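Before any comments, here is the structure.
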Amino acid sequence: MAHTALKTLILLSTAVAVLAQLPASVQDQNSITLDDGRTVRFKESNLCETTEGVKSYAGYVDIADDKHIFFWFFESRNDPTNDPITLWLNGGPGADSMGGLFDEIGPCKINEDYATTELNPNSWNNVSNLLFLSQPVGVGFSYGSKLDIELPIDETGTITAPARISVADYASVNSTEIAGDDAWNVMKMFYAALPEMAPEVKSKTFHMATQSYGGHWGPTFFNRFRKETQAMEDNAPFQVGALMIVNGLTDFRLQYPSFPKFAMHNTHGVHVNGIISAYMEFSLIMESYGCLALVDVCEQLWDLTNGTTIYGANRCQAAAEVCRNTVEMPFLAYTKRHNYDVRNSTVEPGEYHLPDARYTPYLNIPEVQQALGVDLNYTRGTNSEYLGSFGYTGDFVNPKLLKDLEELLDSQVRVSLWYGDADWVCNWFGGEMLALGTNYTNAEEFGAAGYAPLMVDNTHYGDTREFGNFAFTRIFDAGHAMPFYQPEAAFAMFNRVINGKDTATGEHDLIHDYTTIGPSESTYSQMKGKPKRSLQGSAKFRNRL
């Protein structure tokens, strides 16, 4: 999920209009041929991360003749030899991780001139090596093939400029599982090339952080990585560490019941009337034709066929469409608020700033493209073709994702769920329901844990429920791209997680029976005198688990 298409088009049009030329051929690119004959191409980049002595590399992992995955790797500012590697993925499906790099957790921010950068003091490469991938193939600078075309650069489409764009077979990567196959190939090849490309980086500890549709990517990719590396034993390229999911969508059954509740009781005071709320609730629970009833059918067919039949895919696609159109969308239509930040109106300028995708024109600067080793124009932050191809297979409602999450937890992998509390599309009520509804060995102990304040530099940024290797955190006053809104809190949580400390304070070693102590509900409200009532006390909610 990404920025508006109109803003992206405007930014792209500005960049292409200025350049009005095709990207130049890449010069002086290194190429590593691996044992299986496949290649990793890269250049040492001097962009974005300008801290003295800190290196970065960008290029392509050529996993197949028609799959060339763009990467940008930043060494740690602290200790690149011993610090872990963390993979960041944006969601979508089809949202480019360049959004996470420039707007959220990467080493730099792009200035208002769209051409220069400044260092980000809260970059996650303060304590970890950082890897960003543009995936699936065809997203961002990743490509299957290249096409030279004329792109419209005005609103009427009559004025054009030459551009070279990425092309891919979008129907060939149309599920989280298939995307996971490609991700595993990328990681194997990346680690195989690492000793030659970045010889100082030695750590075998690997973490993953992901956002939005990353609620799909995270459980499936990371569980796949866990199984593959365990099977390889001493020959494994890395060992999985922690998984962090930011405002993620993982399970329709657990998360969609949150929409009617959030519409009436969110803590920002943006509420629908009783009629709209009743319609959303009825659409959720209506027998046979409601959201949850159709999710039931999808899950039953998925269990029988493993999501491999056209009929099953159609039923899952139908469930997703009904849930979105009748349970999710009425709030947005009624309130005219932004789906990524309910504090912002969609009809007039808002008080709260949204990520603005300055990276689109920046990545079309010829010198930037040459430094990154690309000869493509950067056309958009989100590839909408993947919304269609993943929707067609019913992947949005894939029930296996929750099972992957539960397997990770039962395998003692640390999992942290973080939700900004102003987001609508992946709201924190649903995140809480997901956390409490995850059925793993210590689910009862996790549910019994209280909320502890998330404290960073004596500031209360949110509330955390944590038991052992599982945590859920609500972050106050943050939208969908949570690290953009609360960078200090996001960095502190990340630092604590990868260093084995508790999320709320960072003062305690995380042992298997560590638990947070506090109230059973996160009651902070941005509305004066109106604390929010948590969902888990609802008998209706308990009956759905």
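The table below gives the values:
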{"quantity": "Which listed residue, of 144, 157, is surrounded by fewer than 24 Cβ atoms within 10 Å (Cβ to Cβ) and in contact with a His (Cβ under 8 Å, 6 or more places away or on another chain)", "calculated": "144"}
{"quantity": "Selected residue (only one of 296, 341, 303 is of a type in the set (Asp, Glu), outside the structural domain of residue 28 (by TED's automatic domain parsing) and surrounded by 17 or more Cβ atoms within 10 Å (Cβ to Cβ))", "calculated": "341"}
{"quantity": "Selected residue (only one of 295, 347 is in contact with a Lys or Arg (Cβ under 9 Å, 6 or more places away or on another chain) and modelled with pLDDT of 95 or more)", "calculated": "295"}
{"quantity": "Strands (runs of 3 or more DSSP E) contained in region 155-270 and holding at least 1 residues of a type in the set (D, E, K, R) and in contact with a Pro (Cβ under 8 Å, 6 or more places away or on another chain)", "calculated": "160-167"}
{"quantity": "Long-range neighbours under 7 Å by Cβ, at least six apart or interchain, first residue closer than 30 Å to residue 169 by Cα within region 115-138, second of a type in the set (A, V, I, L, M) and part of a loop (DSSP other than H, G, I, E, B)", "calculated": "136/173; 137/168; 137/173; 138/168"}
{"quantity": "Wholly within region 296-385, helices (runs of 4 or more DSSP H) carrying at least 1 residues that are basic (Lys, Arg) and more than 21 Å from the chain's Cα centre (by Cα)", "calculated": "310-322"}
{"quantity": "Any hit, region 160-178, residues being over 25 Å from the mean Cα position of the chain (by Cα), modelled with pLDDT under 95 and hydroxyl-bearing (Ser, Thr, Tyr)", "calculated": "yes"}
{"quantity": "Listing of strands (runs of 3 or more DSSP E) fully contained in region 27-68 that carry 3 or more residues being buried (at least 17 other Cβ atoms within 10 Å of the Cβ)", "calculated": "39-45, 56-64"}
{"quantity": "Residue satisfying all of: in region 412-425; of a type in the set (A, V, I, L, M, F, W, C) and either out of contact with any helix residue (DSSP H, G or I) (no Cβ under 7 Å at 6 or more places or on another chain) or assigned to a helix (DSSP H, G or I) (or both); nearest to residue 215 (Cα to Cα) among these", "calculated": "425"}
{"quantity": "Pairs where the first residue, in region 358-373, is over 15 Å from residue 59 (Cα atoms) and the second is buried (at least 24 other Cβ atoms within 10 Å of the Cβ) and charged (D, E, K, R), C-beta under 7 Å, 6+ apart", "calculated": "none"}
{"quantity": "Residue among 80, 93 that alone is in contact with a Leu (Cβ under 8 Å, 6 or more places away or on another chain), in a loop (DSSP other than H, G, I, E, B) and modelled with pLDDT of 95 or more", "calculated": "93"}
{"quantity": "Output for region 474-503, where each listed residue is farther than 30 Å from residue 337 by Cβ and either β-branched (Val, Ile, Thr) or in contact with a Ser or Thr (Cβ under 6 Å, 6 or more places away or on another chain) (or both)", "calculated": "496, 497, 498"}
{"quantity": "Residue within region 487-497 that is surrounded by fewer than 19 Cβ atoms within 10 Å (Cβ to Cβ) and not in a loop (DSSP other than H, G, I, E, B) present", "calculated": "yes"}
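Yes/no matrix, rows are residues, columns are (1) modelled with pLDDT of 95 or more; (2) buried (at least 20 other Cβ atoms within 10 Å of the Cβ); (3) charged (D, E, K, R):
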{"residue": "375", "(1), (2), (3)": "yes, no, yes"}
{"residue": "393", "(1), (2), (3)": "no, yes, no"}
{"residue": "405", "(1), (2), (3)": "yes, yes, no"}
{"residue": "424", "(1), (2), (3)": "yes, yes, no"}
{"residue": "445", "(1), (2), (3)": "yes, no, yes"}
{"residue": "454", "(1), (2), (3)": "yes, yes, no"}
{"residue": "461", "(1), (2), (3)": "yes, yes, no"}
{"residue": "473", "(1), (2), (3)": "yes, yes, no"}
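The values are calculated or read from the model by the stated rules, or taken from the named source; none is laboratory data. Everything numeric here is computed off the predicted structure, so don't read it as measured data. Here the Cβ is made from the backbone with ideal geometry for all residues, glycine too, and neighbour counts use every protein chain on show.
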